[in-house]
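Just so you know, all these numbers are worked out from the coordinates, no wet-lab data involved. Note that the structure is a prediction, hence the values are computed from the model and not measured. Methodologically, a virtual Cβ is constructed for each residue, glycine included, from the backbone with ideal geometry; neighbour enumeration extends over all protein chains shown.
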Amino acid sequence: LAPTPFELALAYAALLAVVFRRRLPYKRATFASLAALFLVDAVYWRVMPLMDDKLSVTIIDVGQGDSSLVRFPGGATLLIDGGGIKGSSFDVGKNVLAPALWRMGVRKIDYVMLTHPHYDHYRGLGFIAKEFAPGAVFSNGLAAPEGEADDWREFLSSLDGAGVPLVDVASGGFPERIGGAELKVMKPRVPAGSDINDTSLVVSIRHGEKRFLFAGDLAQDRKSVV
């Protein structure tokens with residue numbers, strides 16, 4: 001998490017106070033004041049999202065694949081997909097997503113949606129499950145293609161280690177309203193053997209006069225079920 005100018009100034013003030021503590025005329029008052037300011041800063045980052053009445057959407061650049069963060073009025077968060085690089089040891093969740101979230105002041109992800117099981121959408125979510133403690137990762141209920149069996153097993157193992165279940169959105173549990181916003185998840189009805197991109201969950205979010213639509217890698221217009 002990148003510090004704000006205030007936090008940088010506070011850190012330097014604390015460092016100077018420690019270095020020159022023997023020369024400080026009011027040691028207890030100085031250190032008590034610094035401690036109080038650190039506490040105020042920590043409380044600010046906790047309280048600020050709760051007071052925000054706006055909905056924001058941030059598209060995070062993860063290279064190939066997608067990842068979008070939705071922040072709802074009241075502070076709840078939804079992460080849709082997590083990027084990933086097939087056959088690479090580079091962890092997009094650890095090295096790209098998590099630092100971006102921390103920089104935005106996000107310490108917890110309340111809901112995670114995996115639109116479809118392709119490595120460039122799920123690989124980055126393992127680290128997120130461990131560090132941001134979502135209640136579940138909602139999916140379309142399908143497993144990754146056979147060619148991604150090892151990547152998929154590693155992903156499931158990451159979720160299991162973090163104690164985060166993978167839940168078929170059709171079984172329920174995903175909220176219809178968060179912070180005054182209306183959510184609708186549509187699950188495409190596709191024939192067996194179809195391109196897995198066309199099984200992507202579609203997430204519609206409406207807040208006031210604004211509406212956002214997340215369609216994963218859906219390539220064809222298909223009838224959907226909730």
Tell me the label only: which of (i) 18.3, 66; (ii) 19.1, 55; (iii) 21.2, 78 is Rg and Dmax of the Cα atoms in Å as calculated from this structure? (iii)
Which log10 I(q)/I(0) values, to two decimals, does region 53-176 give at q = 0.12, 0.17 Å⁻¹ under the Debye formula with one point per Cα? -0.39, -0.79
If I take the Cα coordinates of region 120-205 and project them onto the principal axes, what are the three extents in Å, biggest first? 40, 36, 21
Expressed in nanometres to one decimal, the distance between label points 7 Å along Cα→Cβ at residue 215 and residue 160 is 3.6
What nm distance separates the two modelled labels at residue 182 and residue 23, each placed 7 Å from Cα along Cα→Cβ? 6.6
Any idea what the relative contact order of region 1-152 is, in percent, if you count C-alpha pairs under 8 Å spaced at least 6 apart? 18
Ordering of 194-204, 19-29, 69-79 by packing [mean C-beta count within 10 Å, highest first]: 69-79, 194-204, 19-29
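For n ≥ 4 DSSP H runs only, could you compute -39500 (n - 2.57) per run for the chain, divide by its residues and tell me the 222 nm figure to the nearest 500?
Details: 6 runs with 72 residues, N = 226.
Calculated mean residue ellipticity at 222 nm is -10000 deg cm²/dmol.
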Excluding same-chain residues fewer than 8 positions from residue 187, which lysines have a Cα within less than 18 Å of its Cα? 223
